[in-house]
């Protein structure tokens, strides 16, 4: 073969190899493009899947928010079908990140009692369980993602605390301030700072048990604070009116801060621990170490708790609405609208039969026309300019209610065949009383409009006995005169703009131009006080030891109290500055502590304010 022929063969082979290589490269390029396309499609599908998943999670969050909002408005959530759901029980949020989000909420079981423990603190809750289904549908390709979750709402009645300060900011700061010695027991919480500085050589002692109960009680009594715990006072001055009545000289005193805030966590330990350095250093810097010294009974920088505001007691608000129609089995309601500043007569309405006006029957002492009520009379009364409140510097006009007589009358009214022959509800009695014409009423004129709980209106006997658990609520200031709920005591909550205590020895009147009346009669009250206070700014506003407001010269006479101090707002109608001495008051011996029966849910009054939290039980198949 010639050289020319060989050369032509080699050239032809080279071309074939080149073409083969090019075809391989082209195949690889096509494959790479296909892989890239598949990766892009997978990435796009993954992105779409994540968007759909996140949108479904949003549906779960929207459902939880609906449930929590309902509970915070003091309304138990039922189901989405009964709260705006479509024919299938779903609620739709349109076009969220390119998706329509639908969710349904279904309760799975009746409420039940549930306990949680944080550190050494144990709380009882009502637990409500719901199943949530959230479906996210893409607006571009109709692809869907479905998530199912079970949650638990925990309703925590506030009467489980001895002292609870809700709200936010300066209004949430809790000032104990012992002007005189005070030993108390019960759980304490504040959404602000806790100030434990005391004055005048006095001390206050926190203990984890009721000394009258022998052994430590079932639930540990922790001190939890959302801010810091400080062995100081919030301000260093306050004003008092000095001397026994009728001294009126106003003087300014500086606090003498003592190291007398002490803690004891068992009644077998006879040694009180001096907590000066402990309390003032429980803060961000060394929180863990200091809390460990208390075995986690004293905790700082804990979570704040959302609480209701004064709107719940306003006219036409939650409590008035529920007193007319409790909407809860076994609870009866009475609404009392007093004479007030407009001069209208008192009207009384009962929830059974629904919204029935019984004003004439109450006034006549009858359960039905011609059938007399058997019990103390009068049941409800009115007073005009009855006495002076020297803290408010105003006279006080009141609607007076004998709670024992009112409950006895309602029992007989329901038993009367004319009214259906029923019995009083076994789950409690709700009373709403007001002298305000409407929710806009400020009550800042003279006289001040108020409600007074007073037994034996014709003779002055105290309201020592009640027939069952009860909640008494009002948007006005409230006065308790004499012993209250001391015989076969029941679970009682009193909710008001401000709560005042008048002794068994109250003489029936007080003029702020004269001396403060003396009392030599010990007085006892057993009830949770859910009310407002005034806030310390430049001068001291009274602190927790003045949470119940006094108007007499007690002078070493005891005021015995078992209950709970639940501070949820700043008093709006009774907004006068705290004052001491002169024609204001002198303090009683404070024999105060938590009502340990509030550990028992059967002792909880109806419709008491609560705080709410959410537990996510888990996702469902």
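Quick rundown of the values:
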quantity	calculated
Residue in the range 96-107 that is out of contact with any strand residue (DSSP E or B) (no Cβ under 6 Å at 6 or more places or on another chain), assigned to a strand (DSSP E or B) and within 20 Å of residue 70 (Cα to Cα) present	no
Filter result for residue 310 (farther than 30 Å from residue 512 by Cα, touching a strand residue (DSSP E or B) at 6+ places or on another chain (Cβ under 9 Å) and touching a residue at least 24 places away in the same chain (Cβ under 8 Å))	no
In the range 150-180, the residues that are on the phi > 0 side of the Ramachandran plot and more than 13 Å from the chain's Cα centre (by Cα)	169, 177
Matching residues in the range 561-588 - criterion: being over 24 Å from the mean Cα position of the chain (by Cα) and either under 19 Å from residue 505 (Cα atoms) or buried (at least 23 other Cβ atoms within 10 Å of the Cβ) (or both)	581, 582, 583, 584, 585, 586, 587, 588
Residues located in the range 295-343, provided they are under 17 Å from residue 475 (Cα atoms) and modelled with pLDDT under 90	338, 339, 340, 341, 342
Hey, residue 354 at pLDDT below 90 and farther than 19 Å from residue 398 by Cβ or not	yes
Strands (runs of 3 or more DSSP E) fully within the range 188-244 counting 2 or more residues that are within 21 Å of residue 159 (Cβ to Cβ) and modelled with pLDDT of 80 or more	188-190, 223-225
Counted residues, the range 527-542 - those being more than 28 Å from residue 469 (Cβ to Cβ) and buried (at least 24 other Cβ atoms within 10 Å of the Cβ)	1
Which listed residue, of 426, 467, 481, 449, is under 20 Å from residue 314 (Cβ atoms) and under 26 Å from the mean Cα position of the chain (by Cα)	449
Candidate set from the range 589-601 (those that are over 29 Å from residue 311 (Cβ atoms) and surrounded by fewer than 20 Cβ atoms within 10 Å (Cβ to Cβ)); member that is farthest from the chain's Cα centre (by Cα)	589
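The values are calculated or read from the model by the stated rules, or taken from the named source; none is laboratory data. Here the structure is a predicted model, which means the values were calculated and not measured. Positions of Cβ are generated from backbone atoms using ideal geometry, with glycine treated the same way; all protein chains shown enter the neighbour counts.
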